[in-house]
Every structure is written in structure tokens, then in C-alpha cells.
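Engineer: Dumping the structure here so I can ask a few things about it.
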Amino acid sequence: MPSVLQDKNIVLGVTGSIACYKALDLTSKLAQQGASVDVILTTDAARFVTPLAFRSLTHRPVVTDMFDTHSELAVEHVALARRAEILAIAPATAHTLARLAQGLADDALTATALATEAPLLLAPAMDAHMWDHPATQHNMSLLRDRGAVVVGPGAGRLASGLVGMGRLAEPTEILGHIQAVLGRNSDLAGRTIVISAGGTREPIDPVRVITNRSSGKMGYALAEAARDRGARVILVSTVQGLDDPPAVEMVRVETAEQMKQAVLNATSQADALIMAAAVADYRPASVAPSKVKKSSNQWALDLEKTDDILAQATNPLVRIGFAAESNDLLQNARAKVTEKNLDLIVANDVTAEGSGFGADTNKVLLIHPNNQVDDLPLMSKPEVAHQVLDRVAAILQRKTHPEPQDHPCRHP
Ligand code: CTP
């Protein structure tokens, strides 16, 4: 499945802030994923970064002046506004936010913002005092109320030397939110999907844990793919080494018991649950209150069984499990479909080349309750994620809009 950004028409507004340099990185990332990017630079932004830099990345004219006779906007000043599938402004200064809130159209960017029907995404960047000012906060609430998606700003050290709110969100964060906006009308729009990721960690004492080799990459790929297909995604994660996927609701947990509580809570309102996490089957029966010292030659741990989360989370319409096996893959995975009454299980042999823990690829079998097996070739985890979500979308569709023959007509 191509990126949600492929062939999309994105208008990127860049306004005068020292954070303009990050807009180049964002532009590069958008172009790399196949988007067609039209950049509008305000006069002040053009003092920080050159139109040539953006043009070199987008291979398209950069708009700097509404009355430039060489510019597309001079010919038909609403051309970009019409073509845009999203108008993203990054960085958005306090001054530009004020102009947008007022509905001014005094330059190419604000005229485009007023003329377009495309969704508006704003990534503010400014000094902390400017951000905190009631005027800016009032403008932000006006813009939010009108439907603008606001990304950031983040807290940290600012160019002024102040430490506070005002840092432009990272390009990857803005990119993820652009993808979420562009995916809004896709096949999972209006669905809530809960995804679990990573290996649980069961404490033995304050220092040690029992865990497993799960990297969480598959769960994270599922979360991003579901977001890009329009779903509201709740990611229940134990993962420490991966960045949070943007525009995804994160619930952080550590143990199987915490994951159970978080999944049961999140699935009370969800359409689908995908349990990609490797949940501990056993945990220490008691946790030592202080570090266990190596005073004896042997140490036997007393373990007790954890609850099966997937078996207990019966609320969602669609329930998908994972089966990581080292032998008898098909037989073991089929048994789990039946035992846990699943709509699908994603089975992989962790000992196979390219399918091990932490790999960026996976070779999986998708096993349906009617014993149909889709034997997929080795592919990247994002590709596997889309394959799984194709099935999730189809099962949801089937369960919510059954074919007429499934329900005999009462009024012939
Ligand atoms: N699972 C779960 N709760 C558990 C254990 C597993 O929800 N306590 C879920 C996993 O997230 C996965 C599926 O059940 O989606 C299968 O997990 P797996 O560990 O392969 O199987 P188990 O049922 O635990 O059986 P076994 O370990 O004996 O293979």
C-alpha cells in the first residue's frame, strides 16, 4: 500500500521564525513520500530561508508574493487554495495566527487560507511569553473551534534563551498529523482501534524484571497504518526505545496486569482490538520489596499465571491475535483462533529468516476462523500492518453491514 502522502497536494505555509529551517526537513520528508508540495513563504520567512532551498526539494515554484506576475497565484490567486488537500502552516508565528483568526487576506498565505476548503493544520512556534499571551491563546481557541488541527508547540529551550512553551513540533510529529488528516476519509474512518505493543515486564524485585524479546515494531506499524486509514487509535504500549507515533493516543504500561486494565478500559468503546503485544504468561507470585542479594548458589522463582487479556476483552466487534511460534506454527495458531474465539490470527515463525524479534520485516500467515490461510511473502512490518488492516476493515464492514442474505427479509 503506498504512503497516504503519495500524490497528495499539500500546501505548506512557512512564516517568519527561526524555526523555518525545520520546515525544510518537513518539506523533504513530504516530497520523499510522494507528495506534491507547494510552498508559500511569507516575506519574513524568506529572510530566514530562501525560496531556492524549498524549490530544490519540491521541484515546484515557491510562492512569495501575491502580485508576482511569474507566480501561479498572480494568474489565478485561488489556484493553490483549490488544489490543496491540506494547508499546513509550519512554523506558524503569533502574528500569522492572529491574521488567520481575524480572517485577514493581506498576503499570499492568508489569502490562500481564506480561500481554501482544505483542512488547516497549524504548528505554532514563538517565544514563550508570546504563546502564553491571552491574545494568542484566544486566537488559538478561535482557530481550534473552526476545526484547525494544532500540533505543538513543545516545551524547551527557545531561541530567545527563555525556557518554556513555544518550540516548533518536530518534523516527524507534524508529518504524522498531516498523514492523520489526509487519512480521515479512508476505510477505517469513524472506527476506534485498540492496539497493544511490546513485551510486558514483570518485576522480581526493585531492580530485576522478567520480560521477552518483543521490540514493539509490529504494534507501532499497525498503529501508524490504522491512523493513516482514518481510525482513532489507542496504543497500549510497554515500548521504551521507539518514538510515540504522532496523532495516536498512548497508554503506557509495564506489566501484564496493567496492560489488561488498560486494554479492558480502552476496548469498552472500541470497534477492534489487535493484540500484537507479547504478554507474559507467568509473573513472580510475589515481588521482593528490596533487591535480592546473591547470598545463595541457587534461586528458584515462584511464578503464577497471568490473565489472558485477549480472552477477557470480548467487547470489540473484531478481535485479532498474534501467535509467535517456534514450531508447529499452523497447528498452534489455529488452536488459538478457536480457544480465544478470534476473527483472525497473525502467525509467524520467530526462528525464520527475517521474522525474528526486532526485525523490520515479517513473514506471516493470516489464519481465519474458517481455516482459510493467507500465506503472505516476506514484507516490511508497515506492509504487514496494511495487510492485517485490510482484513480488519473487511470484517468490520461485514459485521456492521451484513449482506442481505445473512438477515432474511421480514417483509417479502
Ligand atoms: N495474550 C494475551 N494475554 C496473555 C497472553 C497472550 O492477550 N496473558 C495474547 C497475545 O497478545 C497474542 C495472543 O494472545 O495476541 C497469543 O499469544 P501467545 O503468547 O502466542 O499465546 P498464548 O495464548 O499465551 O499461549 P502459549 O504461550 O502457550 O503459546
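The values are calculated or read from the model by the stated rules, or taken from the named source; none is laboratory data. Since the model is a prediction, treat every value here as computed from it, not as a measurement. Cβ atoms come from the backbone with ideal geometry, glycine included; neighbour counts cover every protein chain shown. These accessible areas exclude ligands, DNA and RNA; they are computed on the full protein's heavy atoms, side chains included. Shrake-Rupley method; radii C 1.70, N 1.55, O 1.52, S 1.80 Å.
Engineer: Ordering Tyr220, Tyr282 by accessible area with a probe of 1.4 Å, largest first, what comes out?
Structural biologist: Tyr282, Tyr220
Engineer: Something else about it: Quick one: Cα centre-to-centre distance for the range 127-161 and the range 23-52, in angstrom?
Structural biologist: The range 127-161 and the range 23-52 have Cα centres separated by 21 Å.
Engineer: Where the eigenvalues come from the Cα gyration tensor of the range 9-182, what are the semi-axes √(5λ) of the equivalent ellipsoid, largest first, in whole Å?
Structural biologist: Largest first, the range 9-182 gives 23, 18, 16 Å.
Engineer: Once you sort the root eigenvalues of the Cα gyration tensor of the chain as a ≥ b ≥ c, which label holds: rounded (a/c under 1.5), prolate (a/b larger than b/c) or oblate (the other case)?
Structural biologist: prolate
Engineer: Long-range amide H contacts for Val251: which residues qualify at under 5 Å (H placed 1.01 Å from N, peptide plane, sequence gap of 5 or more or a different chain)?
Structural biologist: HN-HN under 5 Å from Val251: Leu235, Val236, Ser237.
Engineer: Additional query: Determine the gain in length on full extension of the stretch Asn9-Ala189; use 0.36 nm per residue of separation and subtract their C-alpha separation, reporting nm with one decimal.
Structural biologist: 62.8 nm
Engineer: Can you work out ³J(HN,Hα) from phi for every residue in the range 105-113, in order, using Karplus 6.51 cos²θ - 1.76 cosθ + 1.60 and θ = phi - 60°, giving whole Hz and x for Gly and Pro?
Structural biologist: Coupling constants for the range 105-113: 9, 9, 8, 4, 5, 5, 5, 5, 4 Hz.
Engineer: Leaving ligands, DNA and RNA out of it, work out the accessible area of Ile320 with a 1.4 Å probe and give it in Å² to the nearest 10.
Structural biologist: Surface accessible to solvent at Ile320 totals approximately 0 Å².
Engineer: With charges set only on the Cβ (+1 for Lys and Arg, -1 for Asp and Glu), what does the dipole of the chain come to about its Cα centre, in debye to the nearest 20?
Structural biologist: 600 debye
Engineer: If a/c stays under 1.5 just call it rounded; otherwise compare a/b with b/c (prolate if a/b is bigger, oblate if not). Do that for the range 269-412, with a ≥ b ≥ c from the square roots of the Cα gyration tensor eigenvalues.
Structural biologist: Note, shape of the range 269-412 comes out prolate.
Engineer: To the nearest 0.05, what FRET efficiency results for Leu378 and Leu104 with a Förster distance of 56 Å applied to their C-beta separation?
Structural biologist: That gives a FRET efficiency of 0.55.
Engineer: Next question, about the same structure. Carbon-plus-sulfur fraction of the accessible area of the range 139-254, 1.4 Å probe, in percent?
Structural biologist: 47 percent
Engineer: Sequence-distant or interchain residues sharing an amide H contact under 5 Å with Ala323, placed H: which?
Structural biologist: Val346, Ala347, Asn348
Engineer: Continuing with this model, one more query. At Gln269 and Arg144, where each label point lies 7 Å from the Cα along Cα→Cβ, what is the point-to-point distance in nanometres?
Structural biologist: Each label point lies 7 Å from its Cα, and together they span 1.7 nm.
Engineer: Going by amide H atoms built from the backbone, whose H comes under 5 Å of the H on Leu5, apart from near neighbours?
Structural biologist: none
Engineer: Got a sec to turn the phi values of the range 225-231 into Karplus ³J(HN,Hα) couplings, 6.51 cos²θ - 1.76 cosθ + 1.60 with θ = phi - 60°, whole Hz, x for Gly and Pro?
Structural biologist: 5, 5, 4, 5, 9, x, 7
Engineer: Another one. Can you tell me which of 148-155, 133-140, 344-351 comes out highest on packing, and rank the rest after it, using the mean Cβ neighbours within 10 Å?
Structural biologist: 344-351, 148-155, 133-140
Engineer: I'd like to know which of Ala347, Pro245, Gln269 lies farthest towards the positive end of the charge dipole of the range 201-351, counting +1 on Cβ of Lys and Arg and -1 on Cβ of Asp and Glu.
Structural biologist: It is Pro245.
Engineer: How do Asp106, Asp145 stack up against each other in accessible area, from largest to smallest, with a 1.4 angstrom probe?
Structural biologist: Asp145, Asp106
Engineer: Here is a further query. Lysines near Lys293 by alpha-carbon distance under 30 Å, same-chain residues fewer than 8 away left out - which ones?
Structural biologist: Lys305
Engineer: Could I ask something else about it? Alpha carbon centre of the range 83-111 versus the range 193-214: separation in Å?
Structural biologist: Each part reduced to its Cα centre gives a spacing of 45 Å.
Engineer: Could you tell me which of the pairs Lys8/Lys29; Lys29/Lys381; Lys217/Lys336; Lys217/Lys363; Lys260/Lys340 are separated by over 18 angstrom between their Cα atoms in the structure shown?
Structural biologist: Among Lys8/Lys29; Lys29/Lys381; Lys217/Lys336; Lys217/Lys363; Lys260/Lys340, the Cα-Cα distance tops 18 Å for Lys29/Lys381; Lys217/Lys336.
Engineer: Would you mind checking the radius of gyration and Dmax of the range 95-166 based on alpha-carbon positions, in Å?
Structural biologist: Rg, Dmax (Cα atoms, Å): 12.8, 38.
Engineer: Just round it to a whole percent: the fraction of Cα-Cα distances in the range 303-374 exceeding 13 Å.
Structural biologist: Looking at the range 303-374, the distances longer than 13 Å represent 65 percent of pairs.
Engineer: Let me ask another. Give me the one-decimal nm value for the distance between modelled label points at Ala300 and Leu330, 7 Å along each residue's Cα-to-Cβ direction.
Structural biologist: Computed distance between label sites Ala300 and Leu330 equals 4.1 nm.
Engineer: Could you tell me the calculated FRET efficiency between Ala155 and Gln32, based on Cβ-Cβ distance and R0 = 22 angstrom, to the nearest 0.05?
Structural biologist: 0.15
Engineer: Here's another thing I want to ask about it. Label points 7 Å out from Cα along the Cβ direction at Tyr21 and Met250: separation in nm?
Structural biologist: A separation of 2.6 nm, rounded to one decimal place.
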